[in-house]
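The values are calculated or read from the model by the stated rules, or taken from the named source; none is laboratory data. Treat the numbers as computed from the prediction; the structure is a model and nothing was measured. As a convention, Cβ positions derive from the backbone with ideal geometry for all residues, glycine included, and neighbour counts pool all protein chains shown. Note: accessible area is taken over every heavy atom of the protein model, side chains too, but ligands, DNA and RNA are not part of it. Shrake-Rupley method; radii C 1.70, N 1.55, O 1.52, S 1.80 Å.
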Amino acid sequence: SQTIHQWPATLVQPVGSPLSLECTVEGTSNPNLYWYRQAAGRGLQLLFYSVGIGQISSEVPQNLSASRPQDRQFILSSKKLLLSDSGFYLCAWSVKGSGRSNTGELFFGEGSRLTVL
Amino acid sequence: AQSVAQPEDQVNVAEGNPLTVKCTYSVSGNPYLFWYVQYPNRGLQFLLKYITGDNLVKGSYGFEAEFNKSQTSFHLKKPSALVSDSALYFCAVREQAAGNKLTFGGGTRVLVKP
């Protein structure tokens, strides 16, 4: 079966420090990968998604970047954190492919809570 | 463009009573529709989906949802709510002919009181 791991689970960082959140998927190959941010325990904002190694699409201009160095690894980074980067970050994956066999549901990791002070 | 609306920020219900969480959607083609649940400080868990066929979809933990094409709705229901159903619920839509991105509603917090 497929599993998705995110770490660290919690992180407290000072303003201006770098960030690296990591996500890996097991039990599948060539997945679509996604980074979401959830602020104040409510709505989800899609930050980045990737359909393959080195292929990153950014949804929202911001202080963050994403990379996909391996097929099942997705990394969220920042060179200098801002207070507004605080939030709950969720990684997700979905099956790739078009047509009726791919219904597109996402499978989420347990999240990483970032507090920037 | 696809969009989802969850008109209620919070739903309060007594334990044992029926629970309904509302969702309406907008797509230009045929939709795939999903419900997710999120417990505090956890990731989202998949509950159920509508792809095609029977308008009543049954999912995990006794939840079901009814697809209504004419009203463009996909309301989540549970006949008898439990205190443990208290959580944040998200509706999401993906247009069949679209890419790989789901669009999520803003979420509805459900509070089930004993």
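Rolling a 1.4 angstrom probe over the protein heavy atoms with all chains in place gives the stretch B:3-113 an accessible area of 44 Å² per residue. Within the straight-line cut-off of under 14 Å between alpha carbons, the aspartates and glutamates reachable from A:Lys96 are A:Asp71, A:Glu105, sequence neighbours fewer than 8 places apart in one chain being disregarded. Accessible surface of A:Trp93, taken over heavy atoms with a 1.4 Å probe and every protein chain present, rounds to 10 Å². Neighbouring Cβ atoms from other chains, within 10 Å of the Cβ of residues in B:44-52, number 3 on average.
Evaluated with a Cβ-only charge set (Lys, Arg +1; Asp, Glu -1), chain A carries a dipole of roughly 180 debye about its Cα centre, given to the nearest 20.
Overall, the anisotropy analysis places the stretch B:36-114 in the oblate class: the square-rooted eigenvalues a ≥ b ≥ c of its C-alpha gyration tensor yield a/c not less than 1.5, with a/b not exceeding b/c. Of the cross-linked pairs A:Lys79/B:Lys101; B:Lys49/B:Lys78; B:Lys49/B:Lys113, those separated by over 21 Å at the C-alpha level are A:Lys79/B:Lys101; B:Lys49/B:Lys113. Among the residues of A:107-115, the average count of other protein chain beta-carbon atoms within 10 Å of the residue beta-carbon is 3. Look at the stretch B:56-62: the mean tally of other chain Cβ atoms within 10 Å of its residues' Cβ atoms is 0.
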